[in-house]
1. Which trypsin sites (Lys or Arg not before Pro) does the stretch 42-148 hold that lie in a coil by DSSP with at most 10 other beta carbons within 10 Å?
2. Gain in length, Glu290 to His167, computed as 0.36 nm per residue apart minus the alpha-carbon separation, to one decimal in nm?
3. With all protein chains present, calculate the accessible area of Ile73 using a 1.4 Å probe and round the result to the nearest 10 Å².
4. Between Lys132 and Leu193, what length comes free when the chain is fully extended (0.36 nm per residue of separation minus the Cα-Cα distance, one decimal in nm)?
5. Using a 1.4 Å probe, how large is the accessible area of Thr158, given in Å² and rounded to the nearest 10?
6. Which FRET efficiency value, to the nearest 0.05, is calculated for Leu79 and Lys202 with the Förster distance at 22 angstrom and r the Cβ-Cβ distance?
7. How large is the translational diffusion coefficient of the stretch 175-273 in µm² per second when you combine the Kirkwood radius over alpha carbon pairs with Stokes-Einstein at 25 °C and 0.890 mPa s?
8. Please work out the FRET efficiency for the pair Met355 and Arg245, using the Cβ-Cβ distance as r and a Förster radius of 25 Å; give the result to the nearest 0.05.
Amino acid sequence: MSQDPVPDDQTPHPGQLGVQEFAQYARVIDARSPHEYEEDHIPGAINLPVVDDAEYAEVGTLHRTDPHAAYLIGSQYALRNIARHVGEVIARHRPSDRLLVYCFRGGKRSRIWAETLRTIGFRVDVLPGGWKNYRRWVRESLEQLPARLRFQVISGPTGCGKTRLLHALRDQGAQVLDLEGLAHHRGSLLGALPGDPQPSQKWFDSQLLDVLRRFDPARPVWVEAESKKIGNLQLPQALHDAMHRTVPLQVLAPMAARVQLLKEDYPHYAADPLAMVARLQPLKPLVGGEELARWQALAEQHRVDELFERVMVAHYDPCYARSTRRHYAQDDGAPPFELEGLDADSLAEAARTLMTRSER
């Protein structure tokens, strides 16, 4: 994957916002409060807030009844905070460095930062319209860019190593879009990652665009088959449509290897199979009470290998097959791509084979 956005007149570029490529700045400063930054920000930006969350709330509340007093106390907070940021962060920069500053709309918080930095002697750009304008650019770019890319979708039943194969392809130099990695979710009822919450929708969108606009449209982009949602996050409609117009490459793997992969990827459920069955209770209308009772019995006896295999055979495999037939372009009769194993060497060899095929 290219490290820098491909120079192309049609590729989304920060120049459309009136600033340089974000990575060309020595520092991108997000002047908003920490909770605004946490929800979404320009990738690579650092949060140097003019006021923190508590100060922001205090000034906003006071402004409703006494704007003058709000400005007085807000200015005191701002000057103290900026002085601290200058000493802790800005002092490390060279005088020749160029900096970018933005706040919510490019107003007061941007101006106070920019004036301070210019007084010191830095070259400073302010993002016109601030984060709000940036967010508009992200949405519009995600509506347009996916149609220009050529996706190679990898499909296959649960546990057949699709994500690991994507990583092996990336190691071989392929352009890879790891949607589940960006979403911090494995894309199923069991897909939540313990201790690793999903990002906000806006931050997911920002990271997604940051990846997409680095791809070369002349080369394929490898991606795993996904539904419209990954956990709580929604794929942009244009990306969903572009992926589903392609004929997917079906990948298969031996059942024993699939079971072993699931135990490695879901160690919390391998250690506590009863928790896994409890998480699968919403599937009862689909699989029936008898099948769910079978899973429960296997879990109670800690027969983990049999449980994982049974859940795949009875639910995930047929469900995945139906979804692929319903949502993706139908295949041309090409045989599935069978993986001999899901170990690193086998996946590396498979990735080399797929790369050679894609270049023909």
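The values are calculated or read from the model by the stated rules, or taken from the named source; none is laboratory data. Just so it is clear, the model here is predicted, and its values are computed rather than measured. Positions of Cβ are backbone-derived with ideal geometry, glycine not excepted, and every protein chain shown enters the neighbour counts. For the accessible areas, the whole protein counts, side chains as well, though only heavy atoms, and no ligand, DNA or RNA atoms are used. Shrake-Rupley method; radii C 1.70, N 1.55, O 1.52, S 1.80 Å.
1. Arg64
2. 40.5 nm
3. Approximately 40 Å² of Ile73 is accessible to the 1.4 Å probe.
4. 18.9 nm
5. Thr158 has an accessible surface of roughly 40 Å² with all protein chains in place.
6. 0.15
7. 161
8. Computed FRET efficiency for Met355 and Arg245 comes out at 0.65.
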